[in-house]
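**Q** Provided herewith is a single structure, encoded as structure tokens, for subsequent inquiry.
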Amino acid sequence: MADKNFDVIVIGAGPGGYVAAIRASQLGLKVAIIEREHMGGICLNWGCIPTKAMLRSSEVFHLMHRAKEFGLSCDNVSYDLDAVVKRSRNVAKQLSAGVGHLMKKNKVTVVMGAATIPAKGRVSVKTDKGTEELTAKNIILATGARARELPGLEADGKRVWAYKAALTPPHMPKKLLVIGSGAIGIEFASFYNTLGADTTVVEVMDRILPVEDAEISAFAKKSFEKQGMKIMQKAIVKQLDRAADKVTAHIEVDGKIEQHTFDTVISAVGIVGNTEDLGLEALGVKIDRTHVVTDEFCRTGIDGLYAIGDIAGAPWLAHKASHEGTMVAELIAGKNNVHAIKPESIAGCTYCHPQVASVGLTEAKAKERGYEVKVGRFPFIGNGKAIALGEAEGMIKTVFDAKTGELLGAHMIGAEVTELIQGYVVGQKLETTEQDLMETVFPHPTLSEMMHESVLDAYDRVIHM
């Protein structure tokens, strides 16, 4: 590499890093990005994208079984797991190559290798050709996170899987245990359950999808159980006894240990930040429970060093990382009016069946913060489009500040709610009140009409219920 001096060096080419690099380049800065494994990071190669491709296959499979309801015939429905996985890998590959193309188009220098920061403004990269020494006034850490491993529950890729094995399964599980019911656990449980695995989900908290509104969690539990899933709440997997063809799980429920045997276990108990081997401690970077401590503008307290995305803490979402990447690039370029990203303005989406999506405060959180609330609900069964789609299971819930009409939160479960939630996200960003939402004309027949009805219901004006 001829020139080794840059305005910005980004470490990690996931949805935080590569977006930061593109935005910095658009703003006229000279940028290098360092990636040790895959362009697009975990999200694109082993997370958000390939899981959605697999879940789409299971969704189509589920619909094929329902063909008769729609006046169609579809006999001898089956699947080829290898082909499902192959499609998922090809989708990831196509997008990963696309990120490489975007780097070229935006004149970002790409260095494949493992980075360390030996001193402020300096980055050393171990490549397969040797070591490259680069300098930059600004360094953005976007090294992401990996699956958390609990002692005794570590993945081995054979019978106990983390996300990589679950995305490229060595066998189809017959009897599956999923440890953890956050988005990752529930998505895998939903996928394998739909394909016919006898699935049990164990959650340490008192409800599944614990970050969601309690009503949505309860609705999801009922729905999953109807699909044949077993849900164990307030339960802890204490130990896994592994054999060649099975795993015996010791699960503590109500102070008693129960033993259950499975042929496959998926561990989805959270993530840990990739903070090691970067030289951060020597630089004086504060690390709290594997995450870099930053201010609201992603500054680490070390001049010219920023941390974005999963390494900078919750919420662990690709879209949060991308927006932080853009924000930091604009700060570095000296743009005025750069706004910090508010955690409550970031939507969370889970692509199980039925889908779950939310933004802002849950009803309980809003009350905890001292708000007097008005709450509206509307069920999918009251919506013409949902019934026509054959997707009458679901609900939309909205939470307003009773005093000002501010939309504090929105919570949904049902078909395509991961697409619908953005309407409320935009509404919140524009500081919409209940009045604005009530006066907005929603097109008919659409699922989005339920968003309107949910708002109307909060103010005792609901029409179709």
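The values are calculated or read from the model by the stated rules, or taken from the named source; none is laboratory data. This structure is a prediction, so every number in the text was calculated from the model and none was measured. Counting neighbours? That spans all protein chains shown, and the Cβs are built from the backbone with ideal geometry, glycine included. Note: accessible area is taken over every heavy atom of the protein model, side chains too, but ligands, DNA and RNA are not part of it. Shrake-Rupley method; radii C 1.70, N 1.55, O 1.52, S 1.80 Å.
**Q** Which whole-number percentage describes the relative contact order of the chain, with Cα contacts under 8 Å and a sequence gap of 6 or more? Display every interim value, and only then the final one.
**A** Numbers: 984 pairs, mean separation 65.7, N = 465.
After rounding, I find 14 percent.
**Q** So, one more: How big is the shadow of the Cα convex hull of the stretch 207-310, averaged over all directions, in nm²?
**A** Values: hull surface 42.7 nm².
Mean shadow area of the hull around the Cα atoms is 10.7 nm².
**Q** Could you sort Lys137, Lys367 by their accessible area in this structure, using a 1.4 Å probe and putting the largest first? Each step should come with its number before you reach the end.
**A** Working: Lys137 170, Lys367 110 Å².
From most accessible down to least: Lys137, Lys367.
**Q** If you don't mind, there's one more thing I want to ask. Counting every Cα pair in the chain, what percent are over 35 Å apart? Before the final figure, lay out each step's value.
**A** Working: 41390 of 107880 pairs.
Every Cα pair in the chain considered, those over 35 Å come to 38 percent.
**Q** Go ahead and estimate [θ] at 222 nm for the chain from helices alone: -39,500 (n - 2.57) per DSSP H run with n ≥ 4, summed, over the residue count, rounded to 500. List each step's numbers first, then the result.
**A** On the way: 14 runs with 149 residues, N = 465.
Calculated at 222 nm, the ellipticity per residue is -9500 deg cm²/dmol.
**Q** For Lys120 and Lys335, FRET efficiency with R0 = 22 Å and r from the beta-carbon atoms, rounded to 0.05? Don't jump to the answer; show the numbers that get you there.
**A** Details: r = 23 Å, r/R0 = 1.06.
Efficiency computed from Cβ-Cβ geometry: 0.40.
**Q** Here's something else I'd like to know. Would you work out the Kirkwood radius for the stretch 1-144? I mean one over the mean of 1/r across all pairs of different Cα atoms, in Å. Intermediate values should be presented prior to the final figure.
**A** Numbers: mean 1/r = 0.0581 Å⁻¹.
Its Kirkwood hydrodynamic radius stands at 17.2 Å.
**Q** Excluding Thr362 itself, what net charge comes from residues whose Cβ is under 11 Å from its Cβ, given Lys and Arg +1 and Asp and Glu -1?
**A** On the way: positive: Lys365, Lys367, Arg369, Lys397; negative: Glu212, Asp213, Glu215, Glu344, Glu363, Glu368.
Computed value for this residue: -2.
**Q** Subtract the Cα-Cα distance of Lys164 and Ala364 from 0.36 nm times their separation in residues, and report this length gain in nm to one decimal. Can you show the working numbers first?
**A** On the way: separation 200, 0.36 × 200 = 72.00 nm, distance 3.51 nm.
Computed gain between Lys164 and Ala364 is 68.5 nm.
**Q** How much area per residue is accessible in the stretch 237-304 when the probe is 1.4 Å and only protein heavy atoms are counted (Å²)?
**A** Values: 3620 Å² over 68 residues.
Accessible area per residue, the stretch 237-304: 53 Å².
**Q** With a cut-off of 8 Å between alpha carbons and a minimum separation of six or more residues, what is the relative contact order of the stretch 377-465 in percent? Present the calculation step by step, with values, prior to reporting the outcome.
**A** Details: 136 pairs, mean separation 29.3, N = 89.
Relative contact order comes out at 33 percent.
**Q** Stretch Ala244-Asp436 to full length: gain in nm at 0.36 nm per residue minus the Cα-Cα span? Working shown, then result.
**A** Working: separation 192, 0.36 × 192 = 69.12 nm, distance 6.09 nm.
Gain in length upon complete extension: 63.0 nm.
**Q** Another question, then. Antiparallel DSSP bridges in the stretch 124-204: what percent, to the nearest 5?
**A** Working: 4 of 9 bridges.
About 45 percent, rounded to the nearest 5.
**Q** Antiparallel DSSP bridges in the stretch 1-154: what percent, to the nearest 5? Could the numbers behind the result be given before it?
**A** Values: 10 of 24 bridges.
Counting DSSP beta bridges with both partners in the stretch 1-154, the antiparallel share is about 40 percent.
**Q** Quick one: of the DSSP bridges fully inside the chain, what percent are antiparallel, nearest 5?
**A** The antiparallel fraction comes to roughly 65 percent.
**Q** If packing is taken as the average count of other Cβ atoms within 10 Å, what order do 60-73, 225-238 fall into, highest mean first?
**A** Working: 60-73: 11.4, 225-238: 15.9.
Ranked from most to least packed, the peptides come out as 225-238, 60-73.
**Q** Let me ask something else about it. How much net charge surrounds Gln422 when only the other residues with a Cβ under 14 Å from the Cβ of Gln422 are counted, with Lys and Arg +1 and Asp and Glu -1?
**A** Working: positive: Lys429; negative: Glu416, Glu419.
Computed value for this residue: -1.
**Q** Still on this model: How large, in percent, is the carbon and sulfur part of the accessible surface of the stretch 211-313 at a probe radius of 1.4 Å? Could you put the intermediate results ahead of the total?
**A** Numbers: 2500 of 5080 Å².
Carbon and sulfur atoms account for 49 percent of the accessible area of the stretch 211-313.
**Q** Same structure again: Once the other residues with Cβ under 15 Å from the Cβ of Phe297 are scored (Lys, Arg +1; Asp, Glu -1), what is the net sum? Could the numbers behind the result be given before it?
**A** On the way: positive: Arg23, Arg299, Lys320, Lys335, Lys342; negative: Asp295, Glu296, Asp303, Glu324, Glu330.
Once all neighbours under 15 Å are counted, the net charge is 0.
**Q** Between Lys104 and Arg299, with labels modelled 7 Å along Cα→Cβ, what's the label distance in nm to one decimal, could you check?
**A** Label-label distance for Lys104 and Arg299, simple model: 3.8 nm.
**Q** So, one more: Would any residue of the stretch 443-465 have its amide N under 14 Å from a label point 7 Å out along Cα→Cβ of Ala402? List them or say none.
**A** What the label zone holds, given the 14 Å backbone N cut-off, is 458-460.
**Q** How big is the Cα convex hull of the stretch 111-242 in projection, averaged over all directions, in nm²?
**A** In nm², the orientation-averaged hull projection of the stretch 111-242 is 11.7.
**Q** By Kyte-Doolittle mean hydropathy of at least -0.5 and Cα axial length of at least 30 Å, which whole DSSP H helices of the chain are selected? Display every interim value, and only then the final one.
**A** Details: long enough: 81-105 (36 Å, -0.21).
Counting only whole DSSP H runs, the qualifying helices are 81-105.
**Q** Out of the stretch 263-349, which trypsin sites (Lys or Arg not before Pro) are coil in DSSP terms and have no more than 10 other C-beta atoms within 10 Å? Mind showing how you got there, number by number?
**A** Values: sites: Lys286, Arg289, Arg299, Lys320, Lys335; in loops: Lys286, Arg289, Lys335.
Within the stretch 263-349, the qualifying trypsin sites (Lys or Arg not before Pro) (loop, at most 10 other Cβ atoms within 10 Å) are Arg289.
**Q** By per-residue mean of other Cβ atoms within 10 Å, what is the highest-first order of 338-347, 86-95?
**A** Working: 338-347: 14.0, 86-95: 15.9.
Order by mean packing, descending: 86-95, 338-347.
**Q** If you don't mind, another one. Quote to one decimal, in nm, the extra length available between Ser78 and Asp460 on full extension: 0.36 nm per residue of separation minus the C-alpha distance between them. Display every interim value, and only then the final one.
**A** On the way: separation 382, 0.36 × 382 = 137.52 nm, distance 4.75 nm.
Additional length available on full extension: 132.8 nm.
**Q** Now a separate question. What whole number of Å gives the distance from the Cα centroid of the stretch 395-465 to the Cα centroid of the stretch 155-173?
**A** 40
**Q** How much accessible area per residue does the stretch 19-64 have, in Å², with a 1.4 Å probe? Please report the intermediate quantities before stating the final value.
**A** On the way: 1700 Å² over 46 residues.
Value for the stretch 19-64: 37 Å² per residue.
**Q** Using alpha carbon centroids, what distance separates the stretch 283-308 and the stretch 34-107, in Å?
**A** Using only Cα atoms, the two centres lie 34 Å from each other.
**Q** Now a separate question. Report the calculated FRET efficiency for Arg87 and Glu276 (r = Cβ-Cβ distance, R0 = 35 Å), to the nearest 0.05.
**A** Numbers: r = 34 Å, r/R0 = 0.98.
So the FRET efficiency works out to roughly 0.55.
**Q** Simple spin-label model, 7 Å along Cα-to-Cβ: Lys429 to Leu95 in nm?
**A** Spacing of the two 7 Å Cα→Cβ label points: 2.0 nm.
**Q** Something else about it: Using the heavy atoms of the protein chains and a 1.4 angstrom probe, tell me the accessible area per residue for the stretch 339-423 in square angstrom. Before the final figure, lay out the partial values.
**A** Details: 3500 Å² over 85 residues.
Heavy-atom SASA per residue in the stretch 339-423 reads 41 Å².
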